[in-house]
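Comments concern the structure below.
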Amino acid sequence: MTPHSFMQSNPNSFSGVARPKPALSRWAIVLVLLVPGWLLADSSADRHEIMFSAGVGEALESDVLPFGTVDFRFKQNYGGIHPYGVGGWTSKGALYLGAGLLYHFTLKHGMRLTVSSGPGYYQHRGDLKNLGNRIEFYSRIELSRVLSRGRRLGLSIGHISNGGLGSSNPGSETICLTFTTPFGSE
């Protein structure tokens, strides 16, 4: 194989040098955002949590649609990083099932900032936007305030993207109100 034919057959090559995959650079950004937080771990997350969210998908488009999720947030953590599972759906029948990692930053006045990201399975239906792949990454940032007995009310903003794994990567944004409640023993 000549260098010229290698460059023509390898779209990730520029002048014979391989470019980094977009998915790897996205994970590097997530790690850079999470690592400083290890010093600010939220010690109040001593119980499992369930989070319900309701809002809109396609939030930056002219045709928004109802969107909701249910998250199970595990109390177990590794340096303050918690695993979670999520199921999401839209009013047009799209489905998202995933898992990932999240981190809580404790702020003043009962406020908490949660950053989360993880891969999952995405299935679109009918005339709903095709996000380019069945594997999609859902990343969110959530600001919540404690109500009573550990319950929280908040707002989350999210982005669903295939991270460059698909032939196209249109992505989609979500904006949701969230309600989180702890359960299980401390």
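What percentages make up the Cα-Cα pair-distance distribution of the stretch 69-121 when the bins are 5 Å wide from 0?
All Cα pairs, binned at 5 Å, distribute as 5, 18, 24, 20, 16, 9, 6, 2 percent.
Subtracting the Cα-Cα distance from 0.36 nm times the residue separation, let me have the gained length for Y78 to A99 in nm, one decimal.
6.0 nm
Please get the size of the charge dipole for the stretch 60-186, origin at its Cα centre, with Cβ charges of +1 on Lys and Arg and -1 on Asp and Glu, quoted in debye to the nearest 20.
Dipole about the Cα centre, nearest 20: 480 debye.
Just to be sure I understand the model, the point goes 7 Å from the Cα along the line to the Cβ. What's the resulting R134 to K92 distance in nm?
Calculated label separation equals 2.1 nm.
Using square roots of five times the C-alpha gyration tensor eigenvalues, list the equivalent-ellipsoid semi-axes of the stretch 129-171 in whole Å, biggest first.
Equivalent ellipsoid of the stretch 129-171: 32, 8, 7 Å, largest first.
Which distance in nm do the two modelled labels at T181 and T106 give, with both placed 7 Å along the Cα-to-Cβ direction?
Rounded to a tenth, the inter-label distance reads 2.4 nm.
Report the calculated FRET efficiency for D63 and L153 (r = Cβ-Cβ distance, R0 = 22 Å), to the nearest 0.05.
0.20
What are the principal axis extents of the Cα atoms in the stretch 40-183, in Å, biggest first?
Sorted from largest, the Cα extents of the stretch 40-183 read 43, 27, 23 Å.
Can you give me the Cα centroid spacing of the stretch 65-124 and the stretch 135-176 in angstrom?
Centre-to-centre (Cα) distance: 7 Å.
Let's test the formula: R0 of 45 Å, r as the Cβ-Cβ distance of S168 and F52. What FRET efficiency results, to the nearest 0.05?
0.90
What is the sum of charges, Lys and Arg at +1 and Asp and Glu at -1, for the other residues whose Cβ falls under 10 Å from the Cβ of S144?
With Lys, Arg at +1 and Asp, Glu at -1, the neighbours total +3.
Read the figures in this text as sums done on the coordinates, not as results from a lab. Please read all numbers here as calculations on a predicted model, not as lab measurements. Glycine gets a Cβ as well: all are built from the backbone with ideal geometry, and neighbour counts include every protein chain shown.
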